[in-house]
Amino acid sequence: MNDTRIRQMLLFACLVTAGIAVNHMPFTLHFRVDFLFGGIFALVAIYVLPPTAGICAAVLIALPTLQLWNHSLGLIMYTAEAVLITLLLRKTRMHLLMCATITWFFLLPPLIYLNMHLSGLFFQTAMRLFLLKYMINGVFNAAAATAIIFILKLRASGEQQNDTAIGASEAAINVFIIVTVIPLLVFTLFDSRIISNSVYSQIHSRHEELKKSLALQIKTWHDNHVNIIRMIATYAGKTDRPADISKAIEALCHNQGGLKFFHVIDMQGKRIACCPHHCKEEETCKVHDQILQTYNKIVSDTGKPLISGINRPELCATTPIVIIAEPVVSNGVLTGIAAGALDPISIEAMLDPLVGEKIQIKLVDRQNRVVYDRNHANIGKTYESPLDRAMTVMEGKLTIIPPTENLVASYRFRNSTILLNTDLTVPANWNMIIEEPMAEYVDTLFELSFSQFLNISALTLFLVIMSGFIRKYFSIPLRQISDYTSEIARTGFCNRSYPAPESSVFEIRRLLENFSAAMDRIVESQELEKEKNLQLQLANEELKASMLQLQKTRLVADQAEKSFAALINNSLFSILLADKKGRIEFANSEFTRNTGLNVSIGMDLKTLMHEFLPFGPLGFPLTSFLHKTTKGHPVRQIDSGELHLKRDGGKKVFHCVATEVEARYILIFSDTTEAAIVAEEKSRLAEQMQAAQKFESLGTLAGGVAHDFNNILMSIMGYAELTLAELPTPGKLHDNISMIQTAAKRAAELTRQMLDFTGKNVFNLAPVNLSELVKEMISLLAVAVSKKISVSYELCDNAIVLADQAQMRQIALNLILNASESIGENEGKITIHIDITNRQNEFIRSAMMANLDSETEHFALFTVTDTGCGIAPEMLSKIFDPFFTTKFTGRGLGLSATMGIIKSHRGAIHVSSKTGEGSCFRIFLPISDSKTVWEENVIEETPQIALQGKLLLADDEETILNITEMMLEPYNIELLCAQDGQSAVDLFQQNHENIGLVILDMIMPRLNGEEACKRIKAINPAVPIIIASGYSQNETIQKFGNVTFDGFLQKPFKIKDLIEQINAASRGSASRRGSASN
């Protein structure tokens, strides 16, 4: 995964997180008319991310609308917005704000309106308002997103790094949006909030006035009845004649329809007098007396008047009533009470004129029971407060009760109720509750907001159209001018093929005319400049003629120098002379012929000597010698040693002697290339011999480890395969066993790489065209190699080798991926070169490993070169060691397996590297004359067993015996098991007539596989024998020597491999018996 993909994923996560967080903090105007600003981040994602990622980000950001609005319209709407704006941006290349305006003003409104209408979730006023709100919100988000993109200099998806510069015309449009559209929309939001608060204030003021009026009427109702009862109590305290008291009661209460009954009772609860009009039946009077007994005790204890709460019908055997009691005092002594029962419905006549039919008034006593309700059935019942689901506005001054039904946001507020709960001073401890539907206020506020939003929408559309005109008449002409001048800069002023831009704007047209006039002037100036150049050329020719004449005069002076030069040029040594300042005075022809260097008189000796490098342990002290020449004071000292010429071509080694003679330096070179090459070749062969011994030892160790590891893996993979066969496919246990089997297969692959390192693994050799192999891998490499790395291919069609195609593919992939990882996330280049070479190639002689056939003359050369970090010199000798790696996630087997494969293919490998510059791996493989044979996919079929007789199995691992027995159990094969070689021979001796096949482990106690095989073959040469081992087949054949066997099982093996080997060995034995009988 490259840096671009990682940055896109991080940007995707940041934008989605920010968008969701902002959508959870909506700017609410009123009644769920919310402005959501998460769309800003959604539009930024659509602009900077690939289309699919941008649309996914917009959908995720819109998810909070499901919870916020309780319907899916928001998700559908914002998804459609993302798709439409993405299409407009990619297809038309219009400005982001223009795309959003077209989407919200022309494309989405029909879809939104149809969805609202069909869903039935919105009333008509809400449909119009929400439609305009969505349009304004969408354009505001686009304007804000445009501002963010402009300020942060973000580039659109698909633009190159050098496309981030913003032109002046584009910047002008963005500034116009920032200073006009965004402030206008922000003003709209806060102005709408002011309108909402104004309507809320009107509601609050109206309710406060209504509360005061209703409280006054309730107080009047209360005071009228209390005064009557108080007058009767006063009269009863002044007289002791019940008849007079009854007449007074009759006179005062006859016209008070609110009194249900009225009694005067003494302290013992005995009735003294009552209203005859109310007490026509004695039984009814007795019930009234019983009701008043409780209040008689309360007044007797306190000596104060009281007004009760509501008395429910089941307690008083009448309709609900309110009791008002006053103490009767005679001569300063409490003698009884005067009590009346009020009908709470009697207050209705006083309250109805003040409120409309839609407003509900409730009176609740201290026990939270309803004293009065326009729905008379609720009087006396317990009042259930809806405050637990209430919401408040205006800092708690206005309480709104939503409906219990689960409705969408618009209907939920329209069906809500405004609740005002206030404590009354008279009667004390009573509460008055005012409930008013919100539908009228919601409709009013929606109508006001609709008018405002309509005006703002028109103004916003006007401003966006204005930005479009700015783009058309200013931005596009300026861009054309920029392209025109760029073309002139590329082709020159004289090429007038590119059409000149045009504009209807006067200033721009005038600018273009002036620019064209200036171009004509410049062309004229260029013509004059050409004429001057021609004159200068003529003068230059005359000067050259004068110089030739001067050179002729110097020939005479050079004759003397030539005589001296002839003497030195005939020398067998290469000679250089330099003055005390290090300037070359002379170089003989032998020096030029031997070195191939061009030396001129006056050339700096230091520059020339940089072409050489000290060579070998007796290298020339080049640094100290050049340091003496730079001082300008020659010192009498002789320096000598070997130098290596760095120039292209054949390798040259010289023995150099340098000294100072008469204030001059003389350097004498003698060619010692042949002797140096012989010494170097001896050193190289010694190093190769040491490396071969080292890798042979490591190969033996790796093979042993792989053998033991394969035995362990045989147990794991066998039991896993058998367990999976008995488990049902779906299930956690089945998945866990599958994971064990997968891990074991990966471990088996690791051991296979270890066997590859030994060079003794089994290969399917066939002619392979290396160029075709690389071409086949191009699509794979395009995915595996970083996009910042360029891969070049230099292929040769006739590079055909006899090799294992899969192993060659592994080598190529290992080397190319190593090269890619060496470059890392930087920009770089990988070159894959395939060619034909011969044994004389210098890199073959200096190869790190060479196992070439002495008769092979021509080789295919496979080279992988990179510009990565290179390999440190101290690491270069270790890179082919098994398990040596510098990568965090590597196992260190890739290059070691590569070396083993090349060794087994009779090839060679050479590595050169320089820290900071890169590495080069060269693979040499013998050329094959055969045509390429490509691998074909073969459909695997489950084999059936074909064995006659018993099967003898010998292995020192009990688990392998058990696993093999379980593998063969479904095939009904009779199995004889032995845990060592001697036991296997004994069992075969006893049952050789009935045994049809023998499977032997290669390493066993008492007798190993080779010895057991010899003895069994001695008993019955025709019996087929299969060898099972953790070593490779080639290594097993080497260990067995002349002893032959009929099949080989590479541990760990599967049931299919076991059955195939049994069938193959059985068929081979049957064919041999048939041939013998014939």
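The values are calculated or read from the model by the stated rules, or taken from the named source; none is laboratory data. Keep in mind that this is a model prediction, so the values were computed, not measured. All Cβ positions, glycine included, derive from the backbone under ideal geometry; neighbour counts span all protein chains shown.
I'd like to check something: does region 45-65 contain any residue that is of a type in the set (Phe, Trp, Tyr) and over 30 Å from Ser416 (Cα atoms)?
Of all residues in region 45-65, those of a type in the set (Phe, Trp, Tyr) come to 47.
Filter once more, keeping what is over 30 Å from Ser416 (Cα atoms): 47.
The answer is yes, given that some residue of region 45-65 is of a type in the set (Phe, Trp, Tyr) and over 30 Å from Ser416 (Cα atoms).
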**Prompt:** Going by the conditions given, is Ala80 free of Cβ contacts under 8 Å to residues at least 12 places away in the same chain and surrounded by fewer than 18 Cβ atoms within 10 Å (Cβ to Cβ)?
**Reply:** no
**Message:** Tell me yes or no: at least one residue of region 975-990 is touching a residue at least 40 places away in the same chain (Cβ under 8 Å), in a helix (DSSP H, G or I) and of a type outside the set (D, E, K, R).
**Reply:** no
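Do the conditions hold for Gln537, that is, is it modelled with pLDDT of 85 or more and either in the same structural domain as Phe586 (by TED's automatic domain parsing) or part of a helix (DSSP H, G or I) (or both)? Steps first, please.
Working: modelled with pLDDT of 85 or more: yes; either in the same structural domain as Phe586 (by TED's automatic domain parsing) or part of a helix (DSSP H, G or I) (or both): yes.
Taking the combined requirement at face value, the residue satisfies it.
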**Complete:** If we ask which residues in region 29-53 are of a type outside the set (A, V, I, L, M, F, W, C), farther than 18 Å from Trp104 by Cα, out of contact with any Ser or Thr (no Cβ under 6 Å at 6 or more places or on another chain) and in a helix (DSSP H, G or I), their number turns out to be 1
**Prompt:** Is it true that some residue in region 136-145 is in the same structural domain as Leu11 (by TED's automatic domain parsing), modelled with pLDDT under 80, on the phi > 0 side of the Ramachandran plot and not polar (S, T, N, Q)?
**Reply:** no
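I'm trying to understand the selection: among the residues of region 801-851, which are outside any strand (DSSP E or B) and farther than 28 Å from Gly916 by Cβ? Show your work before the answer.
As a first pass, look at region 801-851 and keep what is outside any strand (DSSP E or B): 805-827, 839-848, 851.
Across region 801-851, the qualifying residues are Gln805, Ala806, Gln807, Met808, Arg809, Gln810, Arg839, Gln840, Asn851.
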**Asked** Filter region 246-280 for residues that are among the polar types (S, T, N, Q) and either farther than 15 Å from Ile232 by Cα or at pLDDT 75 or above (or both); which is nearest to the chain's Cα centre (by Cα)?
**Response** Gln268
**Prompt:** Inside region 58-120, counting only helices (runs of 4 or more DSSP H) that do not spill past its ends, which hold 1 or more residues that are out of contact with any helix residue (DSSP H, G or I) (no Cβ under 9 Å at 6 or more places or on another chain) and more than 29 Å from Phe150 (Cβ to Cβ)?
**Reply:** 64-69, 108-119
**Complete:** Over region 967-979, the set of residues surrounded by fewer than 17 Cβ atoms within 10 Å (Cβ to Cβ) and either aliphatic (A, V, I, L, M) or in contact with a Cys (Cβ under 9 Å, 6 or more places away or on another chain) (or both) is Leu975
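What about Leu997, is it surrounded by 16 or more Cβ atoms within 10 Å (Cβ to Cβ), part of a strand (DSSP E or B) and at pLDDT 85 or above?
Considered against the rule, which asks whether it is surrounded by 16 or more Cβ atoms within 10 Å (Cβ to Cβ), part of a strand (DSSP E or B) and at pLDDT 85 or above, Leu997 comes out as yes.
Look at Ile229 and say whether it is at pLDDT 70 or above, under 30 Å from Ala428 (Cβ atoms), of a type outside the set (Lys, Arg) and touching a Leu at 6+ places or on another chain (Cβ under 7 Å).
For Ile229, the condition - at pLDDT 70 or above, under 30 Å from Ala428 (Cβ atoms), of a type outside the set (Lys, Arg) and touching a Leu at 6+ places or on another chain (Cβ under 7 Å) - is not met.
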**Asked** If you take the residues of region 649-683 that are modelled with pLDDT of 75 or more and acidic (Asp, Glu), which of them is farthest from Phe586 (Cα to Cα)?
**Response** Glu674
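Kindly provide the set of residues from region 668-680 that are surrounded by 17 or more Cβ atoms within 10 Å (Cβ to Cβ) and out of contact with any Cys (no Cβ under 6 Å at 6 or more places or on another chain), ordered by number. Spell out the reasoning first.
Looking only at region 668-680, we keep the residues that are surrounded by 17 or more Cβ atoms within 10 Å (Cβ to Cβ), and these are 668-669, 671-672, 676.
Within region 668-680, Ile668, Asp671, Thr672, Ala676 meet the criteria.
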**Request:** For Met25, state whether it is hydrophobic (A, V, I, L, M, F, W, C) and not in a helix (DSSP H, G or I).
**Result:** yes
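Within region 571-672, which strands (runs of 3 or more DSSP E) (wholly inside it) include 1 or more residues that are under 26 Å from Asn841 (Cα atoms) and over 60 Å from the mean Cα position of the chain (by Cα)?
On the way: elements: 574-578, 584-587, 612-614, 639-645, 653-661, 664-671.
Filter on region 571-672 gives 653-661, 664-671.
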**Fill in**
Scanning region 833-849 residue by residue, the ones that are at pLDDT 80 or above and in contact with a helix residue (DSSP H, G or I) (Cβ under 7 Å, 6 or more places away or on another chain) total 1
